[in-house]
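These notes are about the structure you will find just below.
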Amino acid sequence: MKTVSSLLDPQWYERYKKISRLNIRSSIYDVTDRCNLRCKGCFFFSSGEHERAAEEKDIDKWHDFVEKEMDRGVNLAILIGGEPTLCMDRIEAFYKRLPTFCATNGLIKVPRDRFPDMMVGLSLWGDAEDEIALRGQDTFKITSANYGGDPHAYYLYTITPKQLGKTGKIIQKVQDIGLKVHMQLLSNDEDVNGFSWKPEELLDIRQEMDAMLDAYPNTVVSSKYYHEVITTGKMLGRTFGWSECPSVTILRDNRDPQPKRLTNFIRYASDLKTVHRCCTSETRDCSTCKDGAAHMSWVMVNKRAHIKTTKDLQNWIEVYEMFAKLYQFIPW
Ligand code: SF4
Ligand code: SF4
């Protein structure tokens, strides 16, 4: 039987040991239903998830809720929205108790005296032209001024088909202000003209993402296997989609047979009671889902399937390390 230690040399085995100790148990929380932007293609608004629940306004209830989530075993809180920074006191309810990650458009700066080491993921949807087309403004101008040089912030760069050939310019800009960048692909939930992926574009963007990782190894947080999985929707001959997705809320997961999935994962709405189907859009067709975190998690929960060849296991380790870096469980 193949074992981890028989497949890895001592160096890789050390890397494996570091991540195998982590036991990350994440869940996702909508901090608010409001946002100070309205991006075309935002899964939250396009799927009507902002109308599913009424925000809990009593801050004491947020504190009690987080305590209960910790009792449930959650050790990573991923805060999304709407725009979480519109409600700093709710962010604080999590941050005081748990490793907390905040996904934000970055227009409002998280006060570092209040949240000194909270990891912040800054959404970025392309160059100024694309950002203006999809989001109404060039957010990089503002976010780079707010977060330049911040060791606990990175860009979550959502690549669209229109970014082909342009990613280098953007990654250079990110490097110039001393931040890191993680790439994912747009799922065009609102069918904005020209922003849906064609098969040949996915081949090209995979090559471009690989080239970016080679050219900017200290700035791009990624792995080539992740690029392969996210652009092909395939892993070890299996196809990503509803029957394989690991990021489905446990309370809504009626799949039979059950695939490998994130332990006790739940995505809560901002009333702290309602749950959403998964980590992304309620109404998205799973066969077109390009969600980066769901694909990463898909690899991560399928460790056993990667204990086949040295290369497969190394691929798995690299994806796990990438996730652990992005959520600050191991250093960059
Ligand atoms: S900033 Fe984020 S939450 Fe707000 S509309 Fe854009 S994608 Fe949606
Ligand atoms: S939309 Fe994506 S993340 Fe949600 S269940 Fe489907 S495949 Fe998973």
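With springs connecting C-alpha atoms under 10 Å apart, model the chain as a Gaussian network and identify which of VAL192, VAL110, VAL229 has the largest mean-square fluctuation.
Of VAL192, VAL110, VAL229, the Gaussian network model singles out VAL192 as fluctuating most.
Checking the table LYS234/LYS308; LYS234/LYS303; LYS180/LYS311; LYS40/LYS234 against a 23 Å threshold on Cα-Cα, which pairs fail?
LYS180/LYS311; LYS40/LYS234, as the Cα separations exceed 23 Å there.
In square angstrom, what is the accessible area per residue of the chain with a 1.4 angstrom probe?
With the other protein chains kept in place, the chain gives 43 Å² per residue.
At a Förster radius of 22 Å, what calculated FRET efficiency corresponds to the Cβ-Cβ distance of GLU67 and TRP332, to the nearest 0.05?
Rounded to the nearest 0.05, the efficiency is 0.10.
Using +1 at the C-beta of Lys and Arg and -1 at the C-beta of Asp and Glu, which of GLY81, THR100, TYR13 has the Cα lying farthest in the positive direction of the dipole of the stretch 11-128?
TYR13
For the chain, which whole percent of the accessible surface, found with a 1.4 angstrom probe, sits on carbon and sulfur atoms?
Carbon plus sulfur share of accessible area: 50 percent.
Do any trypsin sites (Lys or Arg not before Pro) in the stretch 273-326 lie in a DSSP loop with no more than 13 other beta carbon atoms within 10 Å, and if so, which?
LYS273, LYS308
Determine the shape class of the chain: with a ≥ b ≥ c the square roots of the Cα gyration tensor eigenvalues, call it rounded for a/c under 1.5, and otherwise prolate if a/b is greater than b/c, oblate otherwise.
It is rounded, given that a/c, with a ≥ b ≥ c, falls under 1.5.
Suppose every Lys and Arg Cβ carries +1 and every Asp and Glu Cβ carries -1, with no other charges. What dipole size does the chain come out with about its Cα centre, to the nearest 20 debye?
The calculation lands at about 1020 debye.
Test of understanding: extend the Cα→C-beta vector of LYS169 to 7 Å, then name every residue of the stretch 138-153 with backbone N under 20 Å from that spot.
Under 20 Å, as judged by backbone N against the label point of LYS169, lie 138-145 of the stretch 138-153.
Got the relative contact order for the chain handy, in percent, Cα pairs under 8 Å and 6 or more residues apart?
Normalised by residue count, the contact order of the chain is 20 percent.
Where a Cα-Cα gap under 23 Å defines reach, which lysines qualify for LYS57, not counting those fewer than 8 residues away within the same chain?
Reachable lysines: LYS68, LYS96, LYS109, LYS273.
The values are calculated or read from the model by the stated rules, or taken from the named source; none is laboratory data. Nothing here was measured: the structure is a model prediction, and the numbers come from that model. Neighbour counts run over all protein chains shown; Cβ positions are idealised from the backbone, glycine included. Ligands, DNA and RNA are excluded from the accessible area calculation, which covers all protein heavy atoms including side chains. Shrake-Rupley method; radii C 1.70, N 1.55, O 1.52, S 1.80 Å.
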